[in-house]
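The structure appears below as structure tokens.
The values are calculated or read from the model by the stated rules, or taken from the named source; none is laboratory data. Please read these numbers as outputs of a predicted model, since none were measured by experiment. With ideal geometry, Cβ positions are generated from the backbone for all residues, glycine too; neighbour counts draw on all protein chains shown.
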Amino acid sequence: MNVTLKDVANRAGVSRSAVSRAFTDGASVSESMRRKVQKAAAELGYTPNALASSLTTGRTRLIGLVSNNFHNPIFLEVFDLFTRGLQERGLRPLLVNLTDETDPANSVKMLQQYSVDGVVVASSTLTPAFSQAFRAARMPVVHSFGRHSSSPQVHVVGIDNVECGRIAARELLARGYRQVGFLGGPESATSTQDRIEGFRSELALHPDARVSHSFAAAYSFDAGRKEMLRLLRKVPAEAYFCGDDVLSIGALSAIKDAGLCVPEDIGVIGLNDMEMAGWENIALTTIRQPIRQIISSSIELIVAMLDEPDRYPEARLFPSSVVDRSTLKPRIQ
């Protein structure tokens with residue numbers, strides 16, 4: 001039979017309320033009482049019931065971890081870092097899949113049913129309306145990988161996607177490419193919109209450059225491969241900025257199957273620097289998004305908001321940099 005709080009109280013010779021306080025963070029209990037209770041609990045093999053504790057404290061310690069792109073391998077890394085980081089702080093992640101969800105109200109209702117203490121929206125494709133809906137429902141919320149704003153309505157942690165577009169354009173120009181293309185993710189995604197904006201604005205400063213653009217149906221390998229196969233049926237660009245590593249890897253597969261070589265025939269640069277991009281058989285030149293720092297900062301913010309839910313929203317931006325591997329020609333000296 002399960003050991004109960006009453007069993008521990010009897011073993012320690014104290015009241016049940018004393019046992020409850022001993023296992024409640026911040027509760028008023030002497031150190032000698034806490035040690036007595038913990039000793040009795042260890043002898044009996046007792047573990048506090050987290051759900052029962054939430055009824056006493058009014059806090060579930062649940063943090064909704066919300067995303068919508070489970071076809072992109074980078075989110076395996078994202079979820080790993082988020083779940084471990086939250087658990088190390090005594091919080092419990094509740095993973096929520098919002099793929100194909102278009103109504104923020106539905107996601108708010110779902111998380112209210114679980115009485116979460118806070119929400120992390122971990123997505124570059126969910127619109128700001130989702131994180132703003134959580135805030136309107138008075139849930140502490142952080143939008144990781146969200147759209148940068150100089151006056152954010154919620155906490156946003158991520159990169160400057162417009163600047164990443166500029167970085168990609170400058171990198172292609174520095175390597176002698178003049179016929180270049182943008183192969184982005186879904187056109188409706190704010191990350192896609194910002195990356196193409198930066199890419200095109202930088203290339204507009206160079207009259208000798210020609211730029212084309214197209215969009216994949218999703219941030220996925222299959223979508224990137226399908227769109228590149230379509231582009232190869234026409235006259236392809238000399239090099240492509242694929243707005244995500246997984247799109248880039250799909251594009252590389254299509255280029256190889258067409259009998260072309262990278263970077264001799266077509267160059268490719270991605271964005272994210274996920275683990276797979278560095279594999280020897282891929283060796284993708286890409287723009288690194290500092291995922292660990294973004295996630296660590298997001299967790300820091302959501303933890304702070306548990307005690308200060310009305311904390312003024314801020315935007316935290318982290319710099320991105322090029323990781324040079326094998327899918328672009330060398331820079332011109």
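With the structure loaded, tell me whether Arg61 is touching an Asp or Glu at 6+ places or on another chain (Cβ under 9 Å), surrounded by 13 or more Cβ atoms within 10 Å (Cβ to Cβ) and either in the same structural domain as Ser220 (by TED's automatic domain parsing) or basic (Lys, Arg) (or both) or whether it fails that test.
Yes.
Can you name every residue in region 42-64 that is at pLDDT below 85, within 23 Å of Asn2 (Cα to Cα) and of a type in the set (Gly, Ala, Ser)?
Within region 42-64, Gly45, Ala50, Ala52, Ser53, Ser54 meet the criteria.
Quick check on region 291-303. Is at least one of its residues in contact (Cβ under 8 Å) with a residue 40 or more places away in the chain, assigned to a strand (DSSP E or B) and either not β-branched (Val, Ile, Thr) or not assigned by TED's automatic domain parsing to the domain that holds Ala239 (or both)?
Within region 291-303 (the criterion being in contact (Cβ under 8 Å) with a residue 40 or more places away in the chain, assigned to a strand (DSSP E or B) and either not β-branched (Val, Ile, Thr) or not assigned by TED's automatic domain parsing to the domain that holds Ala239 (or both)), the answer is no, since none of the residues qualifies.
In the set Val121, Val180, Val211, which member is within 17 Å of the chain's Cα centre (by Cα) and either in a strand (DSSP E or B) or of a type in the set (Ser, Thr, Tyr) (or both)?
So the residue among Val121, Val180, Val211 that is within 17 Å of the chain's Cα centre (by Cα) and either in a strand (DSSP E or B) or of a type in the set (Ser, Thr, Tyr) (or both) is Val121.
Can you confirm whether region 326-333 contains a residue that is touching a helix residue (DSSP H, G or I) at 6+ places or on another chain (Cβ under 8 Å) and either acidic (Asp, Glu) or buried (at least 16 other Cβ atoms within 10 Å of the Cβ) (or both)?
yes
Among the residues of region 232-290, which ones are touching a residue at least 40 places away in the same chain (Cβ under 8 Å), of a type in the set (D, E, K, R) and not in a loop (DSSP other than H, G, I, E, B)?
If the condition is that a residue be touching a residue at least 40 places away in the same chain (Cβ under 8 Å), of a type in the set (D, E, K, R) and not in a loop (DSSP other than H, G, I, E, B), then Asp245, Glu275 are the ones that fit.
Any idea which of (1) part of a helix (DSSP H, G or I); (2) of a type in the set (S, T, N, Q); (3) in contact (Cβ under 8 Å) with a residue 60 or more places away in the chain is the one Asn106 doesn't satisfy?
Looking at each condition in turn, Asn106 falls short on (3).
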